Amino acid sequence: MVVSGVSCIFSIGSVYAQLYEQWHVNYGGGDSEWGNAVQQTGDGGYVIVGDTESFGEGAEDVYIVKTDPDGEMQWYNSFGGSGVDIGSAVQQMADGGYVIAGYTNSFGEGGNDGYLIRTDSDGEMLWSKTFGGSKYDAFNDILLTEEGDLIIAGYTGSWGAGSYDVWLLKVNPDGEMLWNRTYGGSKGDIGNALLIAEDGGFIVTGETSSSGAGWSDVLLFKTDPVGEMLWNQTFGGEVTDRGYAVAESGDGGYVIAGSTESFGAGYVDVYVVKVDSDGGLQWDEAFGGESDDKGYSVQLTAEGGYIVAGDTKSFGAGQDDIWLFEVDSDGGILWDQTLGGAVIDNGRHIQGTDDGEYVVVGRTWSFGAQGGDAWLVKLSAEEPKTETETETEAEAEEETETEAEEEPEEEPKKPGGIPGFPFESVVVGLAVVTVILLGLRRDAAYPRISLSSEVGSYTNTNKRRR
């Protein structure tokens, strides 16, 4: 176990020294909103899902926001009842609509039930369904399969072997259950994130108190396409360690991001675990400072490294800041940076975009309403131009256009012209000379002809940018 205490270190070996903020936008009302997940949509915009206290029927409602490619809101909606209803993950469907996975205690059978909501492309509800028993059940992640079905990961207290078991379900596009399975031991086991493997099986990460070295360990397991477990692994130390996100590692294996109390410099540190295709540990690293730091999302980069997004209390401008950092394929840190203001700002999900850049979603108390708003930040490897640079370029472009408009157009050249003489004058002159010459040749036989000739003369939101 290698422990890294990181404090704004930028490595020369990094492809990027950091990512630059292109814009950020907050969404919400007078109370509190969270952005828990983001997905780029087919039109180049983004869909955000989370929860809201400003809109809807109850204490908290599921919150969905659709934006254009620049983060400008196009529409939003909320769903729920009189209790607490949370949106954890979202997938766009083939018809342009959306499926939201989360949990509800407004509807269903137990304390919480898994909650599935289907909307059209404008965010209007088509149907909703609850899944669960008499206890606490919830959905934490959802993905669309190649066949057009939906695979969902979460936990259930209503069924299984322990107090909570990992719960994996497959449903068709209408929300009808195809199969469901539970995984766990005699204590608590939770599925937090999901990945579809290349062979059509499923990779699940989360946490387990039923097995492992400590109070709670990172859990990783793989199933076949119908949910039969193929292998499972745990990672961690003597205290509490959790897996919150999983991604393909680019070499057939997987990378996990989460949190650790067993290793690192502070009470809680970001925990990154790299495994091979069978879940065998290749390396694990802890990253953080003297306070609490957690990793909630991870993505494979184009260069073969891994970018992690989460929260930090150890670094940054406020009480909490979004923390981003990249590690190489061996777990060495390349760069890190924080995003946020003077108060509390949290990162929950990072998503690569079609243009090779990134968006991060979470919550901000530093910008927007006092209770906290859902927050979307666009990031790029290209440093944005300052206002002065933008104005200078615009002025130079305007001057070029003006000069082009003022420059007189050249008169089209006509064939046979002589420089310095109009074309028509040359033609008439040649005609005169020809006639004279003909006349000279005929002087002997004809009287001289007097020839006279006259020659005529011939017009650029309310969006904040950095």
Over the Cα atoms, compute the radius of gyration (one decimal) and Dmax (the largest Cα-Cα distance, rounded to a whole number) for region 115-200, in Å. 13.5, 44
Give the accessible area for Leu300 in Å² (nearest 10); use a 1.4 Å probe, count only protein heavy atoms, and leave out ligands, DNA and RNA. 70 Å²
Find the all-direction average of the projected area of the Cα convex hull for region 154-258, expressing the result in square nanometres with one decimal place. 6.7 nm²
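Evaluate Rg over Rh across region 24-168, taking Cα atoms for both radii and Kirkwood's formula for Rh.
Result: Rg/Rh = 0.98.
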Using just the alpha carbons, could you tell me how many Å³ per residue the convex hull of region 184-326 encloses? 98 Å³
What area, in nm² and to one decimal, does the C-alpha convex hull of region 206-278 cast on average over all directions? 5.0 nm²
Using only the Cα atoms of region 279-318, what are the Rg and Dmax in Å? 12.5, 38
Where the Cα atoms of region 301-351 are projected onto their three principal axes, how long is each span, largest first, in whole Å? 34, 20, 11
Area accessible to solvent at Lys294, 1.4 Å probe radius, in Å²: 70 Å²
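The values are calculated or read from the model by the stated rules, or taken from the named source; none is laboratory data. Because the structure is a prediction, the values reported are computed rather than measured. Accessible surface is based on the protein model in full, side chains and every heavy atom, while ligands, DNA and RNA are left aside. Shrake-Rupley method; radii C 1.70, N 1.55, O 1.52, S 1.80 Å.
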